[in-house]
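The values are calculated or read from the model by the stated rules, or taken from the named source; none is laboratory data. Note that this is a predicted model, so its numbers are computed, not measured. Cβ atoms come from the backbone with ideal geometry, glycine included; neighbour counts cover every protein chain shown. Just so you know, the surface numbers come from the protein's heavy atoms only, side chains and all, with ligands and any DNA or RNA stripped out. Shrake-Rupley method; radii C 1.70, N 1.55, O 1.52, S 1.80 Å.
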Amino acid sequence: MQLITDKLLPFFTPLLIILMMGLAGCSQNTSKTQGEKLAMGTLNGPLLERDWDAIEKEGVLNVIAIYNSTSYFLYRGEPMGFEYDLLQRMCDDMGLELRIKIARNIDELFDMLNRGEGDLVAYGLSITEPRKKVVSFTEYHYLTHQVLVQRKPKNWRTMPLHRIKQNLITDPLELLNETVFVRKNSSYYERLQNLMEEMGGRIYVKPVPGNRTTEEIIRMVVDGDIKYTIADH
């Protein structure tokens, strides 16, 4: 089987954090540029707020998450996930009931929050300037960096290591005139745009529908449907 590789590109180095946003953070700036709306989703509907007093009085913390293999998922009927475990422990300490609401994709996270469907979002997202203008971030829980995902050469098992490396992109400059597939509303898309400005060249960035998860896009690389994508390491 042909494998993918996550050769590290040193210029892909933003922070990844767990995003947990109070609604007050979303209501500070209701006038968004088109670029900010693209970065954050459509932000449809009125902006709603619910402060801590209202949460404590109701005794319920409503959390918006995306169903995936790390943040929140069900295993044999039991909820699990890194963010889920953190939130459940917090709610236990504060005497709150935890209720999880599922967003279909990253674009929908912010719309649901602004519509008041949740008190916060629990999901790993990179900090970007457009996002900082409309949401409040917690302190980060872990760090990561972005990497290029690509296929190893067909006969890589019989090749020496130096030959394998010769067939792989190991420098961002080698991405010039290549095509990379990412979600348009992702930090990967934004980083590729910035990278083109830094290098003074062209990378063909092809958008993938927002309902495609990173895991699904990586699978497209594995299956040979696309050559390159970006993912968190």
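Odds and ends about this structure:
- Placing a label point 7 Å from the Cα of D223 along the Cα-to-Cβ direction, the residues of the range 115-153 with a backbone N closer than 17 Å are 150-151.
- Calculated FRET value between T170 and E117, using beta carbons and R₀ = 30 Å, to 0.05: 0.10
- Stokes-Einstein D (µm²/s) once Rh is taken as the Kirkwood radius of the range 91-212 over alpha-carbon pairs, at 4 °C in 1.567 mPa s: 73
- Heavy-atom surface analysis with a 1.4 Å probe gives the range 68-219 a carbon and sulfur content of 48 percent of its accessible area.
- Modelled this way, with points 7 Å down the Cα-to-C-beta line, the labels at E129 and M80 are 4.2 nm from one another.
- Computed about the Cα centre, the dipole magnitude for the range 138-177 is approximately 460 debye when only Lys and Arg (+1) and Asp and Glu (-1) carry charge, each at its Cβ.
- Over all directions, the projected convex hull of the C-alpha atoms in the range 65-163 averages 10.4 nm² in area.
- Taking the range 101-185 as the region of interest, the number of lysine pairs whose Cα atoms are within less than 25 Å, with members eight or more places apart or on different chains, is 7.
- For the range 95-167, a crude dipole built from +1 on the beta carbon of Lys and Arg and -1 on the beta carbon of Asp and Glu, taken about the Cα centre, is about 860 debye to the nearest 20.
- Spin-label pair D53/H233, simplified geometry with 7 Å Cα→Cβ offset, distance in nm: 4.6
- Placing +1 on each Lys and Arg Cβ and -1 on each Asp and Glu Cβ, with no other charges, gives the range 119-233 a dipole about its Cα centre of roughly 460 debye.
- Each label point was placed 7 Å from the Cα along the Cα-to-Cβ direction; for T70 and L161 their separation is 2.6 nm.
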